[in-house]
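Student: Let me begin by handing over the structure; questions about it come next.
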């Protein structure tokens with residue numbers, strides 16, 4: 001009996017297997033490092049995340065930020081490291097809506113992140129660095145729900 005050869009698995013640009021998953025993301029819950037300031041730790045919002053591969057995803061959304069203003073974001077996760085089902089890396093992207101950073105206009109940032117996904121649910125954890133008196137650092141948690149694969 002002849003065996004059929006398996007078709008090669010499609011690869012994403014970074015060399016890992018393609019995933020093609022769409023996730024609905026929440027806003028954030030943030031614990032701020034500067035707890036003496038009156039910062040908003042409840043950051044409701046909504047976004048989308050499109051997983052390209054095991055270690056990369058595109059993301060965009062809107063949320064109510066720590067300065068109590070609306071912010072938009074668009075970027076890309078790159079998480080080449082993993083341990084015990086958690087991926088580690090950073091999200092690279094643009095953000096707006098922070099009044100002391102470029103007068104609320106768009107700026108670029110790289111934010112360390114960890115991601116855990118199980119079946120249809122997941123969580124992103126970001127460590128946002130403090131930048132002078134313009135951006136308030138903290139640990140932010142974002143929940144997500146897989147819409148389709």
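Student: Checking residue 74 against (1) at pLDDT 95 or above; (2) over 16 Å from residue 21 (Cβ atoms); (3) over 13 Å from the mean Cα position of the chain (by Cα), which single condition isn't satisfied?
Tutor: (3)
Student: Looking only at the range 135-146, decide whether some residue is under 17 Å from residue 19 (Cα atoms) and buried (at least 18 other Cβ atoms within 10 Å of the Cβ).
Tutor: Yes, the range 135-146 contains a residue that is under 17 Å from residue 19 (Cα atoms) and buried (at least 18 other Cβ atoms within 10 Å of the Cβ).
Student: Yes or no: the range 122-133 includes at least one residue that is more than 13 Å from residue 28 (Cβ to Cβ), part of a strand (DSSP E or B) and modelled with pLDDT of 95 or more.
Tutor: yes
Student: For the range 67-90, what are the residues that are in a strand (DSSP E or B) and in contact (Cβ under 8 Å) with a residue 60 or more places away in the chain?
Tutor: 78, 80
Student: Within the range 127-141, can you find the residues that are closer than 18 Å to residue 97 by Cα and touching a residue at least 40 places away in the same chain (Cβ under 8 Å)?
Tutor: 128, 130, 136, 137, 138, 140
Student: Would you point out which residue out of 93, 97 is closer than 18 Å to residue 138 by Cβ, assigned to a strand (DSSP E or B) and touching a residue at least 24 places away in the same chain (Cβ under 8 Å)?
Tutor: Criteria check complete, one pass: 93.
Student: Residues in the range 64-76: is at least one more than 21 Å from residue 42 (Cβ to Cβ) and buried (at least 19 other Cβ atoms within 10 Å of the Cβ)?
Tutor: Within the range 64-76, one or more residues are more than 21 Å from residue 42 (Cβ to Cβ) and buried (at least 19 other Cβ atoms within 10 Å of the Cβ).
Student: I'd like the residue in the range 18-39 that is without any contact (Cβ under 8 Å) to a residue 60 or more places away in the chain and surrounded by fewer than 12 Cβ atoms within 10 Å (Cβ to Cβ) and, out of all such residues, is farthest from residue 144 (Cα to Cα).
Tutor: Among those residues, the one meeting the criterion is 36.
The values are calculated or read from the model by the stated rules, or taken from the named source; none is laboratory data. Quick caveat: nothing in here was measured; it's all calculated off a predicted structure. Cβ: placed from backbone, ideal geometry, glycine included. Neighbour counts: every protein chain shown.
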